[in-house]
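So the structure is just underneath, and the comments pick up after that.
The values are calculated or read from the model by the stated rules, or taken from the named source; none is laboratory data. Because the structure is predicted, anything quoted here is derived from the model rather than measured. Backbone-built Cβ (ideal geometry, glycine too); neighbour counts: all protein chains shown. Note: accessible area is taken over every heavy atom of the protein model, side chains too, but ligands, DNA and RNA are not part of it. Shrake-Rupley method; radii C 1.70, N 1.55, O 1.52, S 1.80 Å.
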Amino acid sequence: MIINNYIFIGLLLLAAIGFALAPLLVVRLIAPRKRSLSKSEPYECGVLTVGETWIRFRIQYYIYALMFVVFDIEALFLFPWAAAYAGLGLFALVEMVVFLVFLFLGLVYAWAKGVLRWA
Amino acid sequence: MIRVLFLVIAVTGLASALATVLIKNLVRAALALAGFFFAVACLFVLLEAEFLAALQVLIYVGAVSILLMFGIMLTRGVQGTDPASRPSAWRLPGVVIGLAVFALLGYAIFQETGLGTQRAWGAIDPRPAIARGTVEPGAPRRRAINDMGKVVGVELMTRYVVAFELAGLLLTAALVGAVAVAHREDDEPSRGEPSRIPSDPPITTSP
Amino acid sequence: MPPIGPGSLDYRDFFFVAPEMVLAVWGLVVLLLDLGLAKRQPAPARRLLVGRVALAGVGLTLAVTLASSLIPLMARANPEDLSTWFSRSTIDYLFDDDPSLFGGTIAGGFDVGVFNLVYVTLLGLVVWMSLAWKFTEEWGEYLALLLWATVGMMLLSAAEELVTLFISLEMMTICLYLATALDKSRTRSAEGGLKYFIYGSVSSALFLFGLSYLYGLTGSTHLSTIRRLLESTRVVGLAANAAGITAILLVLAGFGFKIAAVPFHQWAPDVYEGAPAPVAAWVATGSKIATVIAFMKVFGNALKPWASPSDHILGPGWIGLLAIVAAITMTYGNVAALGQRNLKRMLAYSSIAHGGYLLVGVAALGLATDVTRAAAAVLFYLVVYAFANVGAFAVAVWLVRDKQSDDIDDLNGLVRRHPVLAISILLLMLSLIGIPPLGGFFGKLYLFMQALDERKNAFGSISLIALVGLGFLNSVVSAFYYLRVARAMFLRQPAGEPIAAADTPIGLPILLAAAVVVGSGLSPDSLMSVMQSAATPMLTTPIIVPKVIGPAQGPPAPKKPVPKFEYSKDQVKKMGQMATGGAGPPGGGGPPATKGATTKKAATKDAPATPRKSQNPP
Amino acid sequence: MIELLDPTSPLVWAQSQAVDLGWGLALRWGLWLVVGFLGLFPGIVAYMVWLERKAAARFQDRIGPNRVGPLGLLQPIADAIKLLTKENLVPAGADGLVHLAAPVLVIVSAFLMLAVIPFAVGMAPVDLPSGLLYLMAASSLSPLGVFLAGWSSRNKYSLLGAMRAVAQLVSYEIPQVLAVIPIVLWGGSLSLVAIFDKQVEFGWFIASPPGLLAFLIMLIASIAELNRTPFDIPEAESEIIAGYHTEYSGMRFGLFFLAEYLSVFAVGCLVTALYLGGGMPLPLVRFPMNLLGDSLPRLILVDMVLLAVFMFKVLLFILFMFWVRVTLLRLRVDRLMNFAWKYLTPLAIVNILFAGIWYECVIRAGVLTLGGWLWGWVVTGPLVVFAVWLVVWINRRLLLGGPAGVGRPSLGGTRVDAGAAPG
């Protein structure tokens, strides 16, 4: 039963979180704690930080993320197709070629549009 | 056991959904939203739809939340706590409407009795566990649960083929349109990519 | 093992979606062509070239649409004609009257053909209009998005199944959101696009949620299966069925957003004003036609048993809800339009009002005994409205291009300079009001007559009669703002510099639209009979038994002889006339050929696990 | 045709094993969790670090750690003690909770990946029917953690590093996801156990041109996903201090460190299971699966062999990663992104079609024959070579300013710029 598998995964998840937090607990117990003003400043090459930290970024990052989402979803359509391919035959291959052409032309478009040029 | 698990997951999901709405810091709210997506994935697991659960995590937690974060980083001045971001005049009606919708949905779900040959939602019995030898070949639901990836593939390639191809076109169209809307010619650097070194004049619009 | 592989699909089904495929591919062609030319040609030349290529694509699609609609008709009329081109089995396939493709997800009948023609014709006008002036840099993207939106519309009105329906709806609306925002020189465009996107995506989410309720309740996504199931439990109806009511509410909200019915209309004025005028035209016409058709399919076909199971007006059924929404929508739209001086905003509010009239028609459909006529009335109204509106938006294009504003006052004194166009515009406005003998009058007439005709139960009729009365009042109200345009053109003196001459991209849509409203007014019966033939397959889909993926469930039942659906020669002719812009079929049309059509569906349910198309008639 | 529920198929068998939450399963899981978390994983990571330092030292003609214990073998323990006793500094403006959650998320992502790896017969911790997708989902969690780490530190360099890191991670995730699709296609399932079984029958998947290409794409993408040189822009010390973990010190930094090495190990396991035939010692021969009988000793024997071979392959993979790290230079950020989108992604898309051809040539028949295998090579080999050549050629041409291509960067433009700057 599938849920049984996931019980293990849930346990693994808990164990991993515990594994990450346990050393931090140890640190809290044994490591020195001396707060001071200069220690808690952000480290920006030793100079005092200027201006707002959470700055606005270029739109290019966003376009990359957008392309990532689109291509990720398109790639995920391929998984069930690939898993079922054995029983489907030529028709599925043709359909997938059409799909891949869409995917590919999307990439070509972005490429030619200059979106993929990191500046 | 399953019931307890469900309650835990549901409470987590509700809490993170509430947190998404109530937290003022946008990145934290987006993080709470990712938590909610994860809770939904857990619910999919409880429904034995692990394929969907994996998709949910992969697309929503792995991709959409990244998109959200980047979108937040793109807009100036709203990353931090912005007290003016929510007019309080709309809060009370919003809460009332939300609760009303919630009550309606909850009532609808609990009251459902089943139409015709369909069984009521509450009456669907726990699914049979598989054990060796007791598998009825051809039980479609069992089959769908056990290898959902493959079954989804077959369905996509046969019955939903138009929807499938259209989804491909839709994604491409969304990509094209979004790039066209977001992309500005003056955002582009001057020609000659290899010459760009960090000492060049900074990009004008933003860091 | 059952045929879940290639066997259950027929390659030849793609023949019927050829128009969609051509448009989809052509969108890519236009896009890549524009990119290829981007750095080589100056912007004006590129714009013209790309626009012409897009127009050529629309023309090609028109041809393909005609072919894919006519060839089956010819096959049915006289199979021997085609034997030189096609093999025997292909002719049999075309002869097969089952209009469902791809396992019942898509319809391929007469209705789809007719409306594909309407979409492609309107698309041609919209694309042509776009070439009138320069409002964006991204021509390839803009045109590709228009073409792809049309693909969505075509599939939306052909969808017979909820998943396909939803994805087509998204295809259409997402392309339109993006096209709305493409005019980067004005911030209003971006604002409109953003508003459209936000409202639209929320409504899509609600819609999808409602569809999931439907699926959960009925266990199927096929409209016909849902209907069969609901019919079998008709006694229950919506009474004490909160889940069903929720589903109805959510789905209604989704459709309501798309056709800007009143509680969900806020986006419309801003989008119409912000979007480039051709896009606004396409939002107002194509997207409205497709959405209303899908609306009719979902409510008038799948959810029909839930329409009004009891005698109460607001009893357990969606009729009451729809009647209220319709009443508020048309009243609000008309009253709000009264105060508008901006042509595009005026058109936006008036299109809200027309949405209200259309909802009256759908409500009548819910009570109708003669479903075909009721649906045909809505379709008639839709077609006439769409052409008239495209013409009206062409005027908006004219104003925006030459005056950089959309004020109605800029039309002052038009009749002196351009009498033909001014009279055409006047005709459009009169048709939109519903003045006889124009198409708009007959549209309203059919719509309201249908609503009055339904005598199934007393309360339902009373509510519909009240609606019709309100509709008449509203038409009177609408006369005020439509005639403001006429007054500006005929009675006022031009204030400043007169408007420049209209060239083909502007003049053609106006003239063509005027021709359509006049033609459909002169012989409304012929257009009505085409619409009736279209309405028949639209609302009586064959029953698809969902095929489970599993071993064969016993031997397939022997197939009963299927009564053939004969298309008359007249209809074949009419299809051709539709292609020429629906410019009013001359002379009286043929008789409505709906006789055979109503009986043809029963036999299909006996052969569940076998592919439909591959069984050729003996 | 598709017979998913054949009771003898490995998929059902593996699942039916997992049906009972009896003591056997509980014991196995308990063993996994206890031994894994208390000994195995920390040990693996610790000695991977040691190994890397030793290997890097060899490459650079040094000795490496040699003070603590023989051959410096106790060095990792000393490092751990150091990390545990260091003060935990969090910047004043930081978002404390998110600052804490970020490394946890990254480490969870690495651990979850290990849950479905089939180390040997019956030794996959769990066999999920959609295991591969689960794996991808688990690995897709880490970009979120990286972003949160950078954002929560409230340090410009951290944020910049995080943004770069996430952009890189998501860009390389596309070819990574696309590169496993041939494997799914050939395996006919998303279950890693089923994929392993398929490799027993049809040889290692890497032993085919599309498989080789997919492996290479996967390899490069994984290196980038792991932020290791030459793709370590996000933590480039010389540019942005230490990237997203600038503000992490002491044990919290240690967690990122741990996660990185754990991810290297997990990816090594993944690549081994997907492409390198898991524990199979020979590419096209069923040894030692043909020794498998019903008796427990034989199963144990076979499993020992498989496990040893599996670990050996993982070790080789890890050593390869070390080798790459000490040999190659860091890529520039624009080239880095270009490489993902302009080389790897098109190749990965085309490769799916080649994989389909390979399937038709070799796997469709149902049994592996030498003739079919050779035929597959003859057909797909040239295609793959041609595709690689074509992609490289197009990119070169666009870069060098050939006649075709839109919006291409050209060297001509460079020269003008360079000339204009001094004048």
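Heavy atoms of chains C and A lose about 1000 Å² of accessible surface on contact, summed over both sides with a 1.4 Å probe.
Peptide D:100-108 shows a mean partner chain C-beta count of 4 within 10 Å per residue C-beta.
The Rg/Rh ratio of region D:255-295, with both radii computed over alpha carbons and Rh defined as the Kirkwood radius, is 1.23. Based on alpha carbons, the Rg and Dmax found for chain D are 23.4, 84 Å. Averaged over the residues of B:97-110, the number of partner chain Cβ atoms lying within 10 Å of the residue Cβ comes to 3.
Please work out the Cα center distance from region D:286-334 to region D:345-392, rounded to the nearest Å. Their Cα centres are 25 Å away from one another. Amide H contacts of D:Leu89 (H built 1.01 Å from N, in plane; Pro and chain starts excluded): D:Ser249 sit under 5 Å, all sequence-distant by 5 or more or on other chains. Computed with a 1.4 angstrom probe on protein heavy atoms, the B-C interface buries about 3800 square angstrom of accessible area in total.
For the peptides C:341-348, D:272-279, the ranking by mean Cβ contacts within 10 Å, running from highest to lowest, is D:272-279, C:341-348.
Put D:Trp50, D:Trp375, C:Trp306 in order of accessible area, highest first, and with a 1.4 Å probe you get D:Trp375, D:Trp50, C:Trp306.
Ranked highest first by average number of other Cβ atoms within 10 Å, how do D:94-100, C:147-153, D:152-158, D:192-198 line up?
The densest-packed peptide leads the list: C:147-153, D:152-158, D:192-198, D:94-100.
Evaluating 6.51 cos²θ - 1.76 cosθ + 1.60 at θ = phi - 60° for every residue in region C:422-439, the Karplus couplings come out as 4, 5, 4, 4, 4, 4, 4, 5, 5, 5, 5, 5, x, 8, x, x, 8, x Hz, glycine and proline recorded as x. Each helix, a run of at least 4 DSSP H residues, gives -39500 (n - 2.57); summed and divided by the residues of chain D, these come to -21000 deg cm²/dmol at 222 nm. Heavy atoms of the protein chains alone define the surface here; on that basis chain D has 37 Å² accessible area per residue at 1.4 Å probe size.
Spread over its residues, the convex hull of the C-alpha atoms of region C:470-536 is 143 Å³ per residue.
In this structure, the amide hydrogen of C:Gly108, modeled 1.01 Å from its nitrogen in the peptide plane, lies closer than 5 angstrom to those of C:Ser100, C:Leu101, counting only residues at least 5 positions away or on a different chain.
For peptide D:167-175, how many partner chain Cβ atoms fall within 10 Å of a residue's Cβ, on average?
Taking all residues of D:167-175 together, the mean is 6.
When D and A come together, around 7200 square angstrom of accessible surface is lost from both chains combined, probe 1.4 Å.
Other residues lying with their Cβ under 11 Å from the Cβ of B:Gly168 contribute a combined charge of -3, Lys and Arg counting +1, Asp and Glu -1. Sorting C:Tyr332, C:Tyr215, A:Tyr62, A:Tyr109 by accessible area puts them as C:Tyr215, C:Tyr332, A:Tyr62, A:Tyr109; the probe is 1.4 Å, largest comes first, and only protein heavy atoms count. Note on surface exposure: C:Glu273, B:Glu50 rank C:Glu273, B:Glu50 by accessible area, highest first, 1.4 Å probe.
Per-residue packing, averaged as other Cβ atoms within 10 Å, sorts the ranges C:466-475, B:19-28, C:15-24 into the order C:15-24, C:466-475, B:19-28, beginning with the highest. Each 10 Å bin from zero up to the one holding the largest Cα-Cα distance in region A:59-112 carries the following percent of pairs: 22, 45, 24, 9, 1.
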